[in-house]
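Everything below concerns the one structure shown next.
No value in this document is a laboratory result; all are computed from the given coordinates. On a predicted model such as this, the values are computed, not experimentally measured, just so you know. So basically every Cβ, Gly included, is an ideal-geometry build from the backbone, and we count neighbours across all protein chains shown.
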Amino acid sequence: GAGVSQSPSNKVTEKGKDVELRCDPISGHTALYWYRQSLGQGLEFLIYFQGNSAPDKSGLPSDRFSAERTGGSVSTLTIQRTQQEDSAVYLCASSAQVNYGYTFGSGTRLTVV
Amino acid sequence: DAKTTQPPSMDCAEGRAANLPCNHSTISGNEYVYWYRQIHSQGPQYIIHGLKNNETNEMASLIITEDRKSSTLILPHATLRDTAVYYCIVRPPRSNTGKLIFGQGTTLQVKP
């Protein structure tokens, strides 16, 4: 597509439920990144996929968070047993190559009640 | 990873040039300087990046000092729509991952 697409744009979930957030990167982009941004805070790196290499999971805050990227394209970020502190905007970005600038999606605003 | 230091906030008059400074005194020889901005309630937007030469594109100019310890992002004719948080980021070496680590950035307020 023309840009990075994320869905849903908004998600409200009850504490303890699992959620899945989806990211469709720009076609042909080999690198994909997930970040999150809590209210009034900066961007926090979560995970990075590059081609067929093992993902860099160093930013995932706990084992309740996981992500996969199927077929080198679409990525899903899964949060299990959501907690209120998981409330944030989850941003996905892709880039054509490692040295290229990122294109960000509009994000998914997750609210855990 | 090299770290960056930016002023937390700046003002600029509409139509004037906005000069946003960034210090990266511990930058390594193969690390790039990237600039992004985030307009309220939107995802960050790539602006420009460079290694050691000055760069210019349709959005901005990037001036990197000869010793590479600092840089300045220049928006030549700021508009109200340029009000945003501007992030200066030094990208880790290519041999590692391509992830960008965002700091707190500079909040630029363009005033009429």
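Report the normalised scattering of the protein assembly as shown as log10 I(q)/I(0) at q = 0.09, 0.11, 0.14 Å⁻¹, calculated by the Debye formula with identical scatterers on the alpha carbons.
Per q value, in the given order, log10 I(q)/I(0) is -0.37, -0.56, -0.89.
Are there chymotrypsin sites (Phe, Trp or Tyr not before Pro) in region A:11-113 that DSSP puts in a loop and that have at most 16 other Cβ atoms within 10 Å, and which ones? Mind showing how you got there, number by number?
Numbers: sites: A:Tyr33, A:Trp34, A:Tyr35, A:Phe45, A:Tyr48, A:Phe49, A:Phe65, A:Tyr90, A:Tyr100, A:Tyr102, A:Phe104; in loops: A:Tyr100, A:Tyr102.
Those that pass, being in a loop and sparsely packed, are A:Tyr100.
Which pairs in the list B:Lys69/B:Lys111; B:Lys52/B:Lys99; B:Lys3/B:Lys111; B:Lys69/B:Lys99; B:Lys52/B:Lys111 are over 27 Å apart, alpha-carbon to alpha-carbon?
B:Lys69/B:Lys111; B:Lys3/B:Lys111; B:Lys52/B:Lys111
Quick one: B:Thr79, A:Thr103, fewest Cβ neighbours within 10 Å first, how do they rank?
Numbers: B:Thr79 13, A:Thr103 20.
Ordered from fewest to most neighbouring Cβ atoms within 10 Å, B:Thr79, A:Thr103 come out as B:Thr79, A:Thr103.
Quick one: longest stretch of chain A between exposed loop trypsin sites (Lys or Arg not before Pro), exposed meaning at most 16 other C-beta atoms within 10 Å and loop per DSSP? Don't skip to the answer; put the middle values down first.
Values: sites that count: A:Lys15, A:Lys17, A:Lys57, A:Arg64, A:Arg81.
Segment A:18-56 is the longest.
Could you state the per residue volume, in Å³, of the convex hull enclosing the Cα atoms of region A:1-95?
Numbers: hull volume 9.1 nm³, N = 95.
Hull volume normalised by residue count: 96 Å³.
About the Cα centre of chain A, how large is the charge dipole given +1 on each Lys and Arg Cβ and -1 on each Asp and Glu Cβ? Please answer in debye to the nearest 20.
About 120 debye.
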